[in-house]
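Notes follow the structure.
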């Protein structure tokens, strides 16, 4: 269990968060390489938060570090992150822009459909191709990589039962968190999800810092 100071932009608020420690491994579905981990994390209700440090190939947004905190919504099996990097250094030394790199500040969350193996104290997440970029400044969402999802099914790399389960969970995520009503609305239903706020406010780091290769 942990007591933490919950930080808002203008004040410090004492807040008690009951959490359990968890270790997370992450990888891509069907990848023969072992998943990356263990990564330190915590869980509360249907949310897991975990952290890893990006390599020095990345350039963080002003005021940010390369320690990235990601979240898993276990009720729908998706991962969310608010990427802390603005640029990545390419092999030729140039700068490759990240999400919102040409804007005054970052406002876009990145969402991944996941295959989750949840053993309570250790969790393995594997990326299931489909991604969603969700801005919080009024711009529309952008869905990515449905073609890769279809290609994986066609190639036999993604079993049909896993694909069917993934698509059903993805629609449940969209309906629950992004657009619940039948007709389009001006704002997202619950995004970023309110239930990640307490774990997002926990002091960093969550445990020993593990850097990406």
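Pairing each residue of the stretch 88-112 that is on the phi > 0 side of the Ramachandran plot with any residue that is in a loop (DSSP other than H, G, I, E, B) and surrounded by 14 or more Cβ atoms within 10 Å (Cβ to Cβ), provided the two are 6+ apart or on different chains, yields C-beta distances under 9 Å for 100/61; 100/83; 100/106; 100/107. Where helices (runs of 4 or more DSSP H) fall entirely within the stretch 108-200, those with at least 1 residues that are surrounded by 17 or more Cβ atoms within 10 Å (Cβ to Cβ) and out of contact with any helix residue (DSSP H, G or I) (no Cβ under 9 Å at 6 or more places or on another chain) are at 160-173, 197-200. For residues in the stretch 20-32 being outside any strand (DSSP E or B) and surrounded by 14 or more Cβ atoms within 10 Å (Cβ to Cβ), which is modelled with the highest pLDDT? Residue satisfying both the conditions and the ranking: 29.
For the stretch 67-105, a residue qualifies if it is within 17 Å of the chain's Cα centre (by Cα) and farther than 21 Å from residue 131 by Cβ, and exactly one does: 67.
Scanning the stretch 33-69 for residues that are crowded, with 18+ Cβ neighbours inside 10 Å and in a loop (DSSP other than H, G, I, E, B) yields 54, 66.
The values are calculated or read from the model by the stated rules, or taken from the named source; none is laboratory data. It should be emphasised that the depicted structure is a prediction, and the values quoted were computed from it without experimental measurement. Using ideal geometry, Cβ is built from the backbone for each residue, glycine included, and neighbour counts are taken over all protein chains shown.
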